[in-house]
Amino acid sequence: MPSDGTFLLSDNFYIAGSPNPVITYGLVKLAREQGTTKLGVVYCSESPVCADSDALAAKSAADVGIGYFSVKAAATAPNYTAVCQTMKNEGVDGLFLAHITSVDVRIAEDCRKVGYEPQFYSSAGAVGNDYLQSDAVDGLLFTQSNAPYYDPSVPVVGEARDTIDSYFDGLTDSAQFSAVAFDSWIAGKLFEAAAGRVGLTSDSTGADVTRGLRELDGETLDGLAPPLTYSDTERTYPTCYYVGEVRDGALEAHDEGRPVCLDDADLRSGVFTPAA
């Protein structure tokens, strides 16, 4: 799942899942549906990419009609009490944790200490097994780019996890397994789909791979990804996302792991014009 707009603007990249604008807008739309009236965002101060999440969330909140407030925070901060108190004072009733997973957990725990327990949200690569170690994030909702890597009850995910574990025993239940790790598997399946289209052999070239990719139209990789289209006449990025929840020490997929797709009204948002 690309965080940089270059991936969306260049014909040299073939993304295998929905990008930041889609999952961020989807998250803000989900927040409104959950009754959040003012969304707060805590994002990392270490990388410019984190500021991109802030900008996307702010635009999305304006378009869906809810309030917005954001702060940045460092991973090295001794605590996040001041962040939590600020959000509480600002009337934020839904808090998007847009940091690394371990920091997100610390923020949620510090907020609880000051009696501030909003609905928590997160997205994509920020979701990880650290969330399962603290009941402070129980009930957190999140959006992701691809099928729920954490839920083997979704058949295509279960099959993928079994295959991965056959090579690296126990990996899918370890702290090292995450949406980012699963994206590597999905990228491999995308290459497999392209190879199958044009019958790649050991003598094939990069141009042959490109030709195979550009023949894919609405390809879901058997349900691992939202519909992917790379044809010469319609280079689009996916506009569907997946929703999950932290519940009772586990990550659970919503809607049996099926994607939620943005409608035409959603896609008129400034978040998507131009693709960013």
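Here is how the numbers come out for the structure above:
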read-out	value
Amide hydrogen neighbours beyond the local backbone of G67, cut-off 5 Å, H modeled	K38, L39
Rg/Rg_globular for the stretch 167-247, with Rg_globular taken as 2.2 N^0.38 Å and Rg from C-alpha atoms	1.31
Along the chain, longest interval not containing exposed chymotrypsin sites (Phe, Trp or Tyr not before Pro), exposed being DSSP loop plus at most 15 other Cβ atoms within 10 Å	14-167
For the chain, the Rg and Dmax computed from alpha carbons only, in angstrom	19.0, 64
Under 10 Å, Cβ to Cβ, from A75 - net charge with Lys/Arg +1 and Asp/Glu -1	0
The stretch 220-231 - phi-based ³J(HN,Hα) in whole Hz, Karplus 6.51/-1.76/1.60, Gly and Pro as x	10, 6, 6, x, 6, 9, x, x, 10, 10, 10, 4
Cross-link reach list, aspartates and glutamates versus K189, counting only Cα pairs under 19 Å and skipping chain neighbours closer than eight places	D151, E159, D162, D165, D208, E215, D217, E219, D222
Span per principal axis, largest first, for the Cα atoms of the stretch 14-165 (Å)	48, 34, 30
Candidate lysines - alpha carbon under 30 Å from K38, same-chain residues fewer than 8 apart omitted	K29, K59, K72, K88, K113
Rounded to whole Hz, the Karplus (6.51, -1.76, 1.60) HN-Hα couplings of the stretch 108-115, x for glycine and proline	4, 5, 5, 5, 4, 4, 9, x
The chain - mean residue ellipticity at 222 nm from DSSP helices (-39,500 (n - 2.57) per run, n ≥ 4, rounded to 500)	-11000 deg cm²/dmol
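No lab work stands behind these numbers, since they all come straight from the coordinates. Keep in mind the model is a prediction, meaning the values are calculated, not measured. Note: ideal-geometry Cβ built from the backbone for every residue, glycine included; neighbour counts use all protein chains shown.
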